[in-house]
Amino acid sequence: MNTVMKQIFFPLLAAAFVLSGCKNDEVKADRLPGQLNLSFDARVNDADFALNTDFRIGSATYRFDRLRYWVSNVALVDDEGQEYRVPGSYYLIEETSPVPVQDGAFVYPAKKREEVSIQQLPAGTYRKIKFSIGVDPKYNDNLSLQAGELSQLNGMTNISWMWHTSYIFTSVGGTLTEATAGKKISAETGLNTNYRSVEFDLPDPLSISSGNTGASVAFRLDVAKILEGLDLNATPTIGAGQAAAMSQLAGNYTRAISLVNGK
């Protein structure tokens, strides 16, 4: 190869490598993991849920001081039917006043949390989302195991339901304001038999990539539907001692959650 040809050939070859590298980088960038935001908007019928506010549900008026529930084991199904399970996906959705923990040894602070951000979600197009309400038996039966946000320090465990401590899956409570002196109410679910799962077909394909940080799916939880068919005036406390009512309450949560949109 003469000098002139070398002067032409090698710069062209170098340019080709650069262009090839840019193309590969673009392809790889499209395949990098992305972010998905989930939101859970608490409502009472058409009104926004709020603590220390009177809500008329059926024939009773409620004033709530807490709404808490575990969203766990989130999974997405892509357009080829392959399911991706989000590792360590245990999230406590809550709106609560301060919660005494371990017989008042310390206080879990008042919190409002309706959003979850899932990082490092594999790039792709997803058409379905699944998750559970509660904590699966592996972790519910052994609180020494840790995953996601699971903790004994948030006031969502109970020692009286089984021979060993287990998680409270859902908790809603407050007072019936029309009852004498404001009757206290507490409706909670737990135990492995009350672990429930839901799944939703997304109205539009959900695209996840490193360049799309705004991907989101919005849900609504209707507290009025949570309490459907339950008479908290007659049975102000629902726990393991009220097995039928607890089972109905657990089922109500799956019907109370609806998909608003996904984009």
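Once the range 35-71 is narrowed to residues that are of a type in the set (Asp, Glu) and in contact with a Phe, Trp or Tyr (Cβ under 9 Å, 6 or more places away or on another chain), the residue that is least open to solvent (accessible area, probe 1.4 Å) is ASP41. Looking only at residues in the range 107-146 that are outside any loop (DSSP other than H, G, I, E, B) and without any contact (Cβ under 8 Å) to a residue 40 or more places away in the chain, the one that is nearest to GLY190 (Cα to Cα) is LYS138. Among residues of the range 193-213 being in a loop (DSSP other than H, G, I, E, B) and either out of contact with any strand residue (DSSP E or B) (no Cβ under 8 Å at 6 or more places or on another chain) or open to solvent by 70 Å² or more (accessible area, probe 1.4 Å) (or both), the one that is nearest to TYR62 (Cα to Cα) is THR213.
Of all residues in the range 169-192 being aliphatic (A, V, I, L, M) and part of a loop (DSSP other than H, G, I, E, B), which is nearest to the chain's Cα centre (by Cα)? For the range 169-192, the residue satisfying everything is LEU191.
Confirm whether LEU221 is within 25 Å of LEU121 (Cβ to Cβ) and either surrounded by 15 or more Cβ atoms within 10 Å (Cβ to Cβ) or modelled with pLDDT of 95 or more (or both).
Judged against the criteria, LEU221 is a match.
Taking each residue of the range 224-239 that is within 17 Å of LYS184 (Cα to Cα) and looking for partners that are open to solvent by 80 Å² or more (accessible area, probe 1.4 Å) and in a helix (DSSP H, G or I) with beta-carbon atoms closer than 9 Å, six or more apart or interchain, yields nothing.
Taken together, the residues in the range 53-101 that are in contact with a strand residue (DSSP E or B) (Cβ under 6 Å, 6 or more places away or on another chain), outside any strand (DSSP E or B) and either in contact (Cβ under 8 Å) with a residue 24 or more places away in the chain or within 20 Å of SER258 (Cβ to Cβ) (or both) amount to 4.
GLY239 meets the conditions (1) at pLDDT below 95; (2) over 22 Å from ASP65 (Cα atoms) in every case but one. The failed one is (2). Among the conditions (1) in contact (Cβ under 8 Å) with a residue 40 or more places away in the chain; (2) surrounded by fewer than 19 Cβ atoms within 10 Å (Cβ to Cβ), ILE159 misses just one, which is (1).
Applying the criterion of being among the polar types (S, T, N, Q) and assigned to a strand (DSSP E or B) to the residues of the range 30-52, the residue that is farthest from VAL71 (Cα to Cα) is GLN35.
The values are calculated or read from the model by the stated rules, or taken from the named source; none is laboratory data. Computed from a predicted model, the values in this text were never measured in an experiment. Cβ: placed from backbone, ideal geometry, glycine included. Neighbour counts: every protein chain shown. Accessible surface is based on the protein model in full, side chains and every heavy atom, while ligands, DNA and RNA are left aside. Shrake-Rupley method; radii C 1.70, N 1.55, O 1.52, S 1.80 Å.
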